[in-house]
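Contents: one structure, followed by commentary.
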Amino acid sequence: MVTGIIPETAPASDLARVHDEFRELLSGCGVYDLSSRAKISLRGGDRVRWLNGMVTNNIRDLAVGRGVYAFLLNPQGRILGDLNAYNRGNSITVDADQAQSEKLLATFDHYIIMDDVEVSKIGELTAIGIAGPKARQALHAAGFEIPELEPLQFVEMTWRNIPVTVARGDNPSVETYEVWLASDMVTAVRDALIEAGAKPVSANAMELLRIAAGIPRYGQDIRERDLPQETEQQRALNFNKGCYVGQEIVERIRSRGAVHRMFTGFEVQGELPALGTKIQADGRDVGEITSTASLPVAGGERRVALGYIRREIGTPGKQLQLGSTQLSVATLPFSEIFQRENL
């Protein structure tokens, strides 16, 4: 799991390379490694009912070929992990960060009692990512004849006699896709995508893209102490489904409107604050910084951060002081970054 950005004290050549890769993701397309993601298979006749009772989103009505983003909670409503769940017809594939996989497997195992559910990690399956406005064009040029896909929709196909799954990501700012395939086929697919015009990009460039798009990462921006509504990830929540672990707390927060913090963005004037730095106002803690980045823009750089702020003062444009650094609350994503004139 990537937990930081290449430091600004790194050699200028390294910074320039990462910035060039980031621009490629905004204007062309980049191909990158996704072996940091784990795939977990759920099989058995009770898999849909059981998983629907485990996570915050609607698995019961999930159509074949579709996926949803969801949280896994503890009974106190705290977030144990986040995941994408995909309905593959005779199974459900859960996609999550490798760093979360053992916790997810242990939690799943704990709650399977008399249910017809078999859970196993798919060790032989890995993934390649491709992102950017020309991503679909590059996939077609490489021979992946995929239809128009909606976010978290996927198609299973054969490419040069290799079985693969192509899934569209749900980044709201940049078109992204994942190619799921056997580990020994990665080089062939990666080379074909590069030949079709995709540029190799690093984890550091993808981290810049994540922060620019305002997407929180579990373990860094989302922790076990956080509540679902604090994260502002409404796409993870469904209030019309049946009961699930932690639902009582989520519903209580919704009905009472009693959530005090919110996940948001910050414009930074001055040095980027350290991760975990507390934001203060009138001598009390009102927020914290969870991610930072210096994003290349036309004519310079734009320093931004992600984190939490007390909801009553988290209005866009609100000015806050952090030592010699000035913060300004910003809406997410940092949409101006994705406008071509800013590249």
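Taken together, V268, V250 contain a single residue that is assigned to a strand (DSSP E or B), modelled with pLDDT of 95 or more and aliphatic (A, V, I, L, M), which is V268.
Checking S13, S27 one by one, the residue that is open to solvent by 10 Å² or more (accessible area, probe 1.4 Å), closer than 30 Å to A298 by Cβ, in contact with a Gly (Cβ under 8 Å, 6 or more places away or on another chain) and among the polar types (S, T, N, Q) is S27 and no other. Among the residues of region 25-51, those that are farther than 23 Å from G219 by Cβ and among the β-branched types (V, I, T) comprise V31, V48. Restricting Q234, Q137, Q220 to those that are open to solvent by 40 Å² or more (accessible area, probe 1.4 Å), under 24 Å from E267 (Cα atoms) and of a type outside the set (D, E) reduces the list to Q234. Filter region 166-176 for residues that are touching a residue at least 40 places away in the same chain (Cβ under 8 Å) and part of a strand (DSSP E or B) and give the result. Result: A167, T176.
Only a single item in (1) within 20 Å of the chain's Cα centre (by Cα); (2) among the charged types (D, E, K, R); (3) closer than 17 Å to E24 by Cβ is not met by E178, and it is number (3). I'd like to check something: does region 298-306 contain any residue that is in a loop (DSSP other than H, G, I, E, B), open to solvent by 50 Å² or more (accessible area, probe 1.4 Å), under 25 Å from N171 (Cβ atoms) and not aromatic (F, W, Y)? Yes, region 298-306 has at least one match. Inspection of region 188-198 finds a residue satisfying the criterion of being over 20 Å from T277 (Cα atoms), in contact with a Pro (Cβ under 9 Å, 6 or more places away or on another chain) and either without any contact (Cβ under 8 Å) to a residue 40 or more places away in the chain or open to solvent by 40 Å² or more (accessible area, probe 1.4 Å) (or both). Remark: G283 falls outside the filter, which requires a residue to be crowded, with 18+ Cβ neighbours inside 10 Å and on the phi > 0 side of the Ramachandran plot. Selection over region 66-90 of residues that are of a type outside the set (K, R) and open to solvent by 10 Å² or more (accessible area, probe 1.4 Å) gives a count of 12.
Residue-level check: of (1) farther than 22 Å from N240 by Cβ; (2) in contact (Cβ under 8 Å) with a residue 24 or more places away in the chain, K103 misses just (2). Select from region 315-343 the residues that are of a type outside the set (V, I, T) and assigned to a strand (DSSP E or B) and write down the one among them that is nearest to the chain's Cα centre (by Cα). Top of the filtered list is A330. Of the residues making up region 199-215, those that are surrounded by fewer than 21 Cβ atoms within 10 Å (Cβ to Cβ) and either at pLDDT below 95 or assigned to a loop (DSSP other than H, G, I, E, B) (or both) are S202, I215.
The set of residues in region 115-138 being within 29 Å of A196 (Cβ to Cβ) and either hydroxyl-bearing (S, T, Y) or outside any loop (DSSP other than H, G, I, E, B) (or both) consists of L125, T126, A127, I128, G129, I130, A131, A135, R136, Q137, A138. Taking residues in region 211-230 that are of a type outside the set (F, W, Y), and partners anywhere that are open to solvent by less than 20 Å² (accessible area, probe 1.4 Å) and modelled with pLDDT under 95, the pairs with Cβ atoms closer than 8 Å and at least 6 places apart or on different chains are A212/I337; L227/I253; P228/I253; Q229/I253. Say whether the condition of being among the acidic types (D, E) and either more than 24 Å from the chain's Cα centre (by Cα) or buried (at least 22 other Cβ atoms within 10 Å of the Cβ) (or both) is met by at least one residue in region 39-54. Yes, region 39-54 contains at least one residue that is among the acidic types (D, E) and either more than 24 Å from the chain's Cα centre (by Cα) or buried (at least 22 other Cβ atoms within 10 Å of the Cβ) (or both). Whether a residue is over 25 Å from the mean Cα position of the chain (by Cα), among the charged types (D, E, K, R) and either crowded, with 19+ Cβ neighbours inside 10 Å or within 30 Å of Y111 (Cβ to Cβ) (or both) was assessed, and E312 does not pass this test.
Scanning region 91-106 for residues that are open to solvent by 20 Å² or more (accessible area, probe 1.4 Å) and more than 21 Å from the chain's Cα centre (by Cα) gives a single hit, A106.
The values are calculated or read from the model by the stated rules, or taken from the named source; none is laboratory data. This is a predicted model, so every value here is computed, not measured. Because the Cβ atoms are built from the backbone with ideal geometry, glycine has one as well, and the counts that use them run over all protein chains shown. Quick note on the areas: whole protein, heavy atoms, side chains included, nothing else; ligands and nucleic acids left out. Shrake-Rupley method; radii C 1.70, N 1.55, O 1.52, S 1.80 Å.
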